[in-house]
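To start, the structure itself, in structure tokens.
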Amino acid sequence: MIRLYDYWRSSSSYRVRIGLNLLGLAYERVQVDLGTNEQATIENLARNPQGIVPTLEIDSHRLTQSLAILEYLDEVYAAGWLPDPALARARVRALAMAVAMEIQPVCNLRVAQEAVAASGGTHALDGWMRDHIGPGLAAVEKMLDRPKTGRFCHGNTVSLADICLLPQVYNARRWRVDMTPMPRIRAVEKAMLALDAVQAAHPDTLAP
């Protein structure tokens, strides 16, 4: 039994759902409700000492951190999300990390709410999100202006970069970021959403 502890709107969880679905792996979803602070319960902290989601139980192991989980799945199940040669892997990782390590941490809901509260009224939550997601994705758009970009971020097959990018685009649309100046990202979004495995992982599909 593969078990995924996640939250329907968590972008990190969305990444892992995409990965599992693309591989055709059956799994049980166990919701950790971030809206009620369930991530901070004793039960979740026992699974994930950081008090976050996702946590994946697979192959008699318990894995945390979405990028680590996806790289594990890539290696063990030969997913091909990190292509050859080394230079291609570096490009894919750079695109993935531009989202997962630069945009998402600043726009984590808890972090954003604390920043807004500390601003003394200078920032509103939706403005904070747009001010950070928009420029972050604009930089990714420029990173995609390379011959190696194809139907997806790198060539014509799904990579780790696409799996990380799509959930961030979902968040961008949620916070009404103007995606008009980002045609490459919108093209990748369209290609990803055309995949049944991705649609099945989409937050709107799983919304309570």
How much length is gained if the chain between residue 207 and residue 113 is pulled fully straight, taking 0.36 nm per residue apart and subtracting their Cα-Cα distance, in nm to one decimal? 31.6 nm
Diffusion constant of the range 113-186 at 20 °C, which comes from Stokes-Einstein with the Kirkwood Cα-pair radius and 1.002 mPa s, µm²/s: 160 µm²/s
Counting helices only, and only those DSSP H runs with n ≥ 4, report the 222 nm mean residue ellipticity of the chain as the sum of -39,500 (n - 2.57) divided by its residues, in deg cm²/dmol to the nearest 500. -15500 deg cm²/dmol
Hydrodynamic radius (Kirkwood) for the range 162-208, which is based on Cα pairs only, to one decimal in Å: 11.2 Å
Rounded to whole Hz, the Karplus (6.51, -1.76, 1.60) HN-Hα couplings of the range 201-208, x for glycine and proline: 8, 5, x, 5, 6, 9, 4, x
If N is the residue count of the range 27-185, its Cα Rg over 2.2 N^0.38 Å rounds to 1.14
Probe 1.4 Å - accessible area at residue 89, Å² to nearest ten: 70 Å²
Using a 1.4 angstrom probe on heavy atoms only, work out the carbon and sulfur share of the accessible area of the range 80-137 in %. 59 percent
Counting Lys and Arg as +1 and Asp and Glu as -1 over every other residue whose Cβ sits under 15 Å from the Cβ of residue 129, the net charge comes to +1
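The values are calculated or read from the model by the stated rules, or taken from the named source; none is laboratory data. Note that the structure is predicted; figures quoted are calculated from it, not measured. Heads up, the Cβs are rebuilt from the backbone with ideal geometry, glycines too, and the neighbour counts pull from every protein chain shown. Accessible surface areas use protein heavy atoms only, side chains included; no ligands, DNA or RNA. Shrake-Rupley method; radii C 1.70, N 1.55, O 1.52, S 1.80 Å.
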